[in-house]
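Below you'll find the structure, written out as structure tokens, and then a few comments.
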Amino acid sequence: QVQLVESGGGLVQAGGSLRLSCAASGSTFSFNVMGWYRQAPGKQRELVATISRDGVTNYAESAKGRFTISRGNAQNTVYLHMNSLKPEDPAVYYCNAAYGCWCASELLWGQGTQVTVSS
């Protein structure tokens with residue numbers, strides 16, 4: 001079974017930076033699209049960013065100019081560079097991947113990594 005494993009979460013000061021990583025194991029094909037969701041307690045799950053196999057990226061409005069999504073040398077890896085972290089950024093960040101369409105029924109989910117922002 002394919003697994004997505006996130007890492008890089010932790011505690012950072014407001015205005016600081018953090019780099020999240022996600023690596024897939026057990027996959028036999030590269031993913032068409034990979035991305036990041038986040039969910040804070042009491043809040044709805046929010047799509048932060050996605051990146052396609054050919055490098056096309058999309059960002060949530062709240063992430064534009066601050067976050068950068070990228071894929072590693074291994075095709076089934078994805079990163080999220082977060083800069084200028086704000087109080088609204090703390091959440092559990094989930095890595096996602098899709099072989100085909102970016103559809104709810106098709107998404108693979110990681111276990112999540114927690115990001116906490118201190119004041």
*Please find, among 104, 74, the residue that is closer than 16 Å to residue 2 by Cβ, of a type in the set (A, V, I, L, M) and surrounded by fewer than 20 Cβ atoms within 10 Å (Cβ to Cβ).*
74
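Do the conditions hold for residue 89, that is, is it over 22 Å from residue 40 (Cβ atoms) and acidic (Asp, Glu)?
Values: over 22 Å from residue 40 (Cβ atoms): no; acidic (Asp, Glu): yes.
No: the conditions fail for residue 89.
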*In region 27-60, which residues are under 16 Å from residue 87 (Cα atoms) and of a type outside the set (S, T, N, Q)?*
38, 40, 41, 42, 43, 46, 48
*Of these, 42, 15, 8, which one is without any contact (Cβ under 8 Å) to a residue 12 or more places away in the chain, open to solvent by 20 Å² or more (accessible area, probe 1.4 Å), out of contact with any helix residue (DSSP H, G or I) (no Cβ under 8 Å at 6 or more places or on another chain) and closer than 22 Å to residue 91 by Cα?*
42
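Which residues, counting only those in region 31-59, are touching a strand residue (DSSP E or B) at 6+ places or on another chain (Cβ under 9 Å), of a type outside the set (A, V, I, L, M) and not in a strand (DSSP E or B)?
Here is the first cut: in region 31-59, the ones touching a strand residue (DSSP E or B) at 6+ places or on another chain (Cβ under 9 Å) are 31-41, 43, 45-53, 55-59.
Those left that are additionally of a type outside the set (A, V, I, L, M): 31-32, 35-39, 41, 43, 45-46, 50, 52-53, 55, 57-59.
Selection gives 31, 32, 41, 43, 45, 53, 55.
The values are calculated or read from the model by the stated rules, or taken from the named source; none is laboratory data. Note that this is a predicted model, so its numbers are computed, not measured. All Cβ positions, even for glycine, are placed from backbone atoms using ideal geometry, and neighbour counts span all protein chains on display. Heads up: the accessible areas ignore ligands, DNA and RNA and are worked out on the full protein's heavy atoms, side chains in. Shrake-Rupley method; radii C 1.70, N 1.55, O 1.52, S 1.80 Å.
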